[in-house]
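Below you'll find the structure, written out as structure tokens, and then a few comments.
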């Protein structure tokens, strides 16, 4: 089933685990319901936040399939899991991921050229990859920061949009001037750019970005949903929400995704703080207190504007 890549908020989902560190699908279903109820446009189901580098191919496919099932057509779903180094393995991964029902298979930009290689190598590998994929398969791109961040140039972004094969970019450059240049380069296409950087979100929306796709959507998605939906109609409200989002987003540099898992545990969605990527012991009592205080601020701001409750 195909869905439009809608404008709005596409959180990069974290993965809940059982005590044996296997994926906890009961908690995942609660998490999806919580996200849908708070008005997100879609879900980025398999990505770095979901610990895709720590999951087997089977687990990545099962995770994507489960999110598609739980979303049940109410919101869109995109998935990556494009983690292999060899071209042959990348093609097989992408074809298998497409079969999970995801709306688009999102490619990792750093897997299409090695660090230090130029756009010529990236473009050649991307063209080769597209030829190996079914023409009907919709694609996306993700400037994943691991193992190195490969930020797309405006010229390369324009080329990608011109192919007609790509619908989605999770932009992680955190540079508003570069974001604006990419938006200008893709103006008039169906290619949509979603900003992952909270601090530049409002300015990027004013420049034409399609919305937000970042880690902070796991903490207080309702504030991002409101900003993306209402920034033009109520500028002063948008400025206030933006100021809060930008300042709160610094927490993503502190023990993420453990702090997101903790916040979701406090909401009754996750059973515990469990991760394959980081030792839960890194999450100190001080980090927990800071997460609690951030949550209280987000909920108070939402209550003042009448947002945050399930729809």
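With each label point set 7 Å from Cα along the Cα-Cβ vector, what nm distance links residue 136 and residue 26?
A separation of 3.8 nm, rounded to one decimal place.
If I stretch the segment between residue 99 and residue 127 completely, what's the gain in nm (0.36 nm per residue apart, minus their alpha carbon distance), one decimal?
Residue separation times 0.36 nm, minus the Cα-Cα distance, leaves 7.9 nm.
So what's the back-of-envelope 222 nm ellipticity for the chain, counting only DSSP H runs of four-plus at -39500 (n - 2.57) apiece and dividing by all residues, rounded to 500?
After summing the helix terms and dividing by residue count, I get -13500 deg cm²/dmol.
Of the DSSP beta bridges with both residues in region 8-246, give the percent that are antiparallel, rounding to the nearest 5.
Within region 8-246, antiparallel bridges account for around 5 percent of the total.
More than 17 Å apart: what percent of Cα pairs in region 211-273 qualify?
44 percent
Translational diffusion coefficient of the chain at 25 °C, 0.890 mPa s, Stokes-Einstein with Kirkwood Rh over Cα pairs, in µm²/s as a whole number.
126 µm²/s
How far apart, in nm, are the 7 Å Cα→Cβ label points at residue 187 and residue 89?
In this crude label model, residue 187 to residue 89 measures out at 4.3 nm.
What FRET efficiency would be calculated for the residue pair residue 278, residue 240, taking the C-beta separation as r and a Förster radius of 41 Å, to the nearest 0.05?
0.80
How would you classify region 17-85 from its alpha-carbon gyration tensor, with a ≥ b ≥ c the square roots of the eigenvalues: rounded for a/c under 1.5, else prolate if a/b is greater than b/c, otherwise oblate?
Cα axes put region 17-85 in the oblate bin.
So what's the gap between the Cα centers of region 7-53 and region 227-286, to the nearest angstrom?
Distance between centres, Cα-based: 14 Å.
Is the shape of region 80-151 best called rounded, prolate or oblate, per the rule: a/c under 1.5 gives rounded, else a/b larger than b/c gives prolate, else oblate, with a ≥ b ≥ c the square roots of the Cα gyration tensor eigenvalues?
Note, shape of region 80-151 comes out prolate.
Taken together, the values in this text are just the output of simple stated rules run on the coordinates, not laboratory data. Just so it is clear, the model here is predicted, and its values are computed rather than measured. Glycine also receives a Cβ, built like all others from the backbone with ideal geometry; neighbour counts cover every protein chain displayed.
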